[in-house]
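**Q** Let me begin by handing over the structure; questions about it come next.
The values are calculated or read from the model by the stated rules, or taken from the named source; none is laboratory data. In this text the structure is predicted, and so the values were computed from the model without any measurement. Here the Cβ positions follow ideal geometry from the backbone for every residue, glycine too, while neighbour counts run over all protein chains shown.
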Amino acid sequence: MKMSKKPLPISTICAWKTRIDPTPDYQRPPAWSRKQKQLLIDSILREYDIPKMYWRAVDRDDGVKYEVIDGQQRLRTIWEYQAGEFALAKDTDPVNGISCAGTKYADLDLDVSTIFDAYPVDVVIVDDAVQTDEEDEVRDMFLRLQNGTTLKAQEKRNAMPGQMRDFIKELATHQFFENCKFSNSRFAYDHIAAQMAHLEIAGGPASVRDSDLNKMYAGKKTFDPSGKTGRKVRRVLDYLLRAFPEKTPELERYNAIVLYCLSSKLIESYAYAGTEAQLANWFISFETKRRKNETLDEEERDPQLIEYRRLTSQSTDSEESIRARLEFIEKRFFLAYPNIEPLDEIRMFTPEQRLAIYRKDDGHCQLRTKCRGDRLTWHDWHADHITPHSKGGKTVVSNGQVACGPCNLAKSNRVQSSLGDGA
Ligand SMILES: [Zn+2]
């Protein structure tokens, strides 16, 4: 990698606009405020030093082009000011005694616009042959340059070379993200895709804060995107896209994450084929109800929906919050569609189904042969097949009920003797 430093007048930087690519894939998107832009131009007109830029020379078919490694915000600001896209602040002090408050480039006094045109920007040109190793080297340099600035966590991760980074980048182009409410500003899709991959690797709710994701990027440099976990993440996103084939404004960030967890579970442990429409219908009616609940008078509101709202508004990346939200939605989903069957051959109700059954019967024994429908604690009840599975009853919530030990034992003795097994 060769580097050369040269001062380029702003007039040249503007004339070269078509030869400069301000957003190669390790760069961050535009994010400066109007005020920051005005300050930069103000500094230039007063001939203060501004930080140097780093460009990388790339040989393309149509000649040498420059990719901006560092300095994109400054570069865009200079171009935008020169193109008349914004004016100086209204309280700008005169430059060399000449007033220029609230002035656009085209209206500057000639003496002042000459200062702008001639201002020398220090540009370091990085010259390298395009090789994979060199790509990494440039990204490393970008990381070093950005260290200590306000670069957001996901932007830093996008500059961390490795197969996990590449896998997430590709995942972030999945159409499902386009159908969510949030936009891809500041790499939101990459961020959420990374959280989903992390949850898949963890096998369920887990902390998905930036520090956890950084560890995943650093620790899985050799992640195999076509391995079991990589394929599973893609299957879940495909499933979600079939469920939500068009823009769905209810899909906020915090919802997308728990719907991912629920869908991952459905695919893992249930006969999930054809459940996409059920998931979408349930989710949209749930969100509609939840939103309506917010508009009610305080005493009419459903406190559980308020609690869900609370869970979605604080520490949403913590394991606790994700677990609580998932339990909240999966209980309701399985109650709404009690015929969704687990793949489990041994015909045991899953923990999610057990919870839905327990809540459905409010913990009371439904058999009432040896008791009077006693209420049982969570640790002391049996999930009974209403129609026994030996008689073709399915292991679905609608065929499940709460039973106490004595009633359950009496029933299974009866079933067994009726089947002629002897008891
Ligand atoms: Zn009982």
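**Q** Is there a residue being touching a residue at least 40 places away in the same chain (Cβ under 8 Å) and aliphatic (A, V, I, L, M) anywhere in region 284-304?
**A** The initial filter retains those residues of region 284-304 that are touching a residue at least 40 places away in the same chain (Cβ under 8 Å), namely 286.
Still in the running and aliphatic (A, V, I, L, M): none.
Within region 284-304 (the criterion being touching a residue at least 40 places away in the same chain (Cβ under 8 Å) and aliphatic (A, V, I, L, M)), the answer is no, since none of the residues qualifies.
**Q** Here's something else I'd like to know. So, in region 337-386, how many residues would count as being free of Cβ contacts under 8 Å to residues at least 12 places away in the same chain and among the aliphatic types (A, V, I, L, M)? Full working, then the answer.
**A** So the first thing to find is which residues in region 337-386 are free of Cβ contacts under 8 Å to residues at least 12 places away in the same chain, and the list is 345-346, 351, 372-373, 379.
Retained after the next criterion (residues that are among the aliphatic types (A, V, I, L, M)): 346.
Count: 1.
Listed here are the residues, each with its yes/no results for (1) exposed (fewer than 12 other Cβ atoms within 10 Å of the Cβ); (2) at pLDDT 90 or above; (3) among the small types (Gly, Ala, Ser).
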position	(1), (2), (3)
12	no, yes, no
30	no, no, no
37	no, yes, no
43	no, yes, yes
57	no, no, yes
70	no, no, no
84	yes, yes, yes
101	no, yes, yes
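**Q** So, of the residues in region 354-409 that are within 12 Å of the ligand (Cβ to nearest atom) and assigned to a strand (DSSP E or B), which turns out to be surrounded by the fewest Cβ atoms within 10 Å (Cβ to Cβ)?
**A** Filtering region 354-409 down to residues within 12 Å of the ligand (Cβ to nearest atom) leaves 361, 363-376, 380-382, 384, 401-409.
With assigned to a strand (DSSP E or B) added as a condition, the list becomes 364, 375, 382, 384, 401-403.
Numbers: 364: 18, 375: 13, 382: 19, 384: 23, 401: 21, 402: 26, 403: 28.
Once the filter is applied, the top-ranked residue is 375.
**Q** Let me ask you something else. In this structure, is residue 234 free of Cβ contacts under 8 Å to residues at least 60 places away in the same chain and at negative phi? Don't jump to the end; show me each part of the working.
**A** Numbers: free of Cβ contacts under 8 Å to residues at least 60 places away in the same chain: no; at negative phi: yes.
So residue 234 fails the test.
**Q** Among strands (runs of 3 or more DSSP E) lying entirely in region 1-113, which contain 2 or more residues that are under 21 Å from residue 185 (Cβ atoms)? Spell out the reasoning first.
**A** Working: elements: 2-9, 53-60, 63-70.
By residue number, 63-70.
**Q** While we're on this one: For region 290-306, how many residues meet the condition of being surrounded by fewer than 13 Cβ atoms within 10 Å (Cβ to Cβ) and in a helix (DSSP H, G or I)? First the steps, then the outcome.
**A** Filtering region 290-306 for residues surrounded by fewer than 13 Cβ atoms within 10 Å (Cβ to Cβ) gives 291-292, 294-300, 303-304.
Now narrow it down to the ones that are in a helix (DSSP H, G or I): 291-292, 294-295, 298-300, 303-304.
Total satisfying the criteria: 9.
**Q** Tell me the residue from 352, 341 that is closer than 27 Å to residue 290 by Cβ and out of contact with any Gly (no Cβ under 9 Å at 6 or more places or on another chain), please. Lay out the reasoning, then the answer.
**A** Details: 341 fails: closer than 27 Å to residue 290 by Cβ.
After applying the criteria, what remains is 352.
**Q** Could you count how many residues in region 59-68 are of a type in the set (A, V, I, L, M, F, W, C) and crowded, with 17+ Cβ neighbours inside 10 Å?
**A** Number of matching residues: 1.
**Q** Something else about it: Which one of these does residue 343 not meet: (1) under 23 Å from residue 401 (Cα atoms); (2) surrounded by 13 or more Cβ atoms within 10 Å (Cβ to Cβ); (3) more than 16 Å from the ligand (Cβ to nearest atom)?
**A** Exception for residue 343: condition (2).
**Q** Exactly one of these conditions fails for residue 218: (1) in contact with a Phe, Trp or Tyr (Cβ under 8 Å, 6 or more places away or on another chain); (2) assigned to a helix (DSSP H, G or I); (3) not charged (D, E, K, R). Give me its number.
**A** The one condition residue 218 does not meet is (1).
**Q** Just a yes or no: is a residue in region 328-335 farther than 18 Å from residue 259 by Cα, touching a residue at least 12 places away in the same chain (Cβ under 8 Å) and assigned to a helix (DSSP H, G or I)?
**A** Kept after step one, since they are farther than 18 Å from residue 259 by Cα, are these residues of region 328-335: none.
Among the residues of region 328-335, not one is farther than 18 Å from residue 259 by Cα, touching a residue at least 12 places away in the same chain (Cβ under 8 Å) and assigned to a helix (DSSP H, G or I), which makes the answer no.
**Q** Checking residue 219 against (1) under 21 Å from residue 249 (Cα atoms); (2) surrounded by fewer than 15 Cβ atoms within 10 Å (Cβ to Cβ), which single condition isn't satisfied?
**A** Condition not satisfied by residue 219: (1).
**Q** Exactly one of (1) at pLDDT 95 or above; (2) more than 20 Å from residue 323 (Cβ to Cβ) is unmet by residue 161. Its number?
**A** (1)
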